[in-house]
1. Which ³J(HN,Hα) values, rounded to whole Hz and listed in residue order, are derived for the range 48-61 from phi using the Karplus coefficients 6.51, -1.76 and 1.60 in 6.51 cos²θ - 1.76 cosθ + 1.60 with θ = phi - 60°, glycine and proline given as x?
2. Contour minus end-to-end for ARG114 and LEU92, with contour as 0.36 nm per residue of separation and end-to-end as the Cα-Cα distance?
3. Given charges of +1 on the Cβ of Lys and Arg and -1 on the Cβ of Asp and Glu, with all other atoms neutral, how large is the dipole of the range 44-178 about its Cα centre, in debye to the nearest 20?
4. Using +1 at the Cβ of each Lys and Arg and -1 at the Cβ of each Asp and Glu in the range 51-155, identify which of SER128, TYR61, MET51 lies farthest towards the dipole's positive end.
5. Multiply the residue gap between LEU64 and THR18 by 0.36 nm, knock off their C-alpha separation, and tell me the result in nm, one decimal place.
6. For LEU109, LEU160, what's the fewest-to-most ordering of other Cβ within 10 Å of each Cβ?
7. Go ahead and collect, in residue order, the members of the range 72-115 whose backbone nitrogen is under 18 Å from a label point 7 Å along the Cα-Cβ direction of TYR27.
8. Determine the sum of side-chain charges near TYR27: Lys and Arg each +1, Asp and Glu each -1, restricted to other residues whose C-beta is under 14 angstrom from that of TYR27.
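What follows draws every value from the coordinates through simple rules; no lab data is involved. Here the structure is a predicted model, which means the values were calculated and not measured. Cβ: placed from backbone, ideal geometry, glycine included. Neighbour counts: every protein chain shown.
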Amino acid sequence: MERPEFDRSRLCLLYRLTDCAVTVTGYWPFGLALCAIWQIADVACCTSSIMHLCTISLDRYTALRRPLVARARRPTVAGVWLRVCLVWTVSLGVASPLVVVGIRRPAALLTADRQCFIGYAPFLAYGSLVAFFCPLAVMLATYALTTRLLRRRAVQAERLARDGSLRRTTSQRRRRARDDANSRVTVSRASLVANSHRQTRQFSPVASAV
């Protein structure tokens, strides 16, 4: 039995219809509750996006730094889903103060002229710091460390390749020198045997005459 696929077109259609309604009317016509839900969903989705990028950068760096350990600890499907749920939990936790803002300061979400936006300065500072600048700092640090590690591995690989070629060249030279020495010994032995046979042929008539 095939699993039903999530229809993303409906979600996109809902977003476009809401955006069109706000654009046509010039204000938020859906009330405070939907305005709060809209802003919470916006903050949670944006935070989840950057948190996923942060998690990917951390996984990439750890896999490059310790490849054998990363291969041995290959994540399972349950582990991947656990990370995804953790990221979404953190994202919803970052956006959750908007619930309190909507209850205690409704004008900070929906103004008197019915404009739906976050107008509470402390939450803007908190959300920008936690949901953007901190993950951005982590990603920049991991990308810098990853680039440095890759350059170091490239230098090591080039050095190993050069040392290996030198070792092969040295061994080939030694083998060639040994083969040349063996061939010279063989040639000298053959020349000695040939000279002894020649001398034997020269003195054999004299020996027979005597």
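1. Here the 3J(HN,Hα) series is 4, 4, 6, 5, 5, 4, 5, 5, 5, 5, 5, 5, 5, 5 Hz.
2. 5.4 nm
3. About 1920 debye.
4. Value computed over the given set: TYR61.
5. Gain on stretching LEU64 to THR18: 12.1 nm.
6. Listed from fewest to most nearby Cβ atoms, that is LEU160, LEU109.
7. 106-115
8. So the environment of TYR27 carries a net charge of -1.
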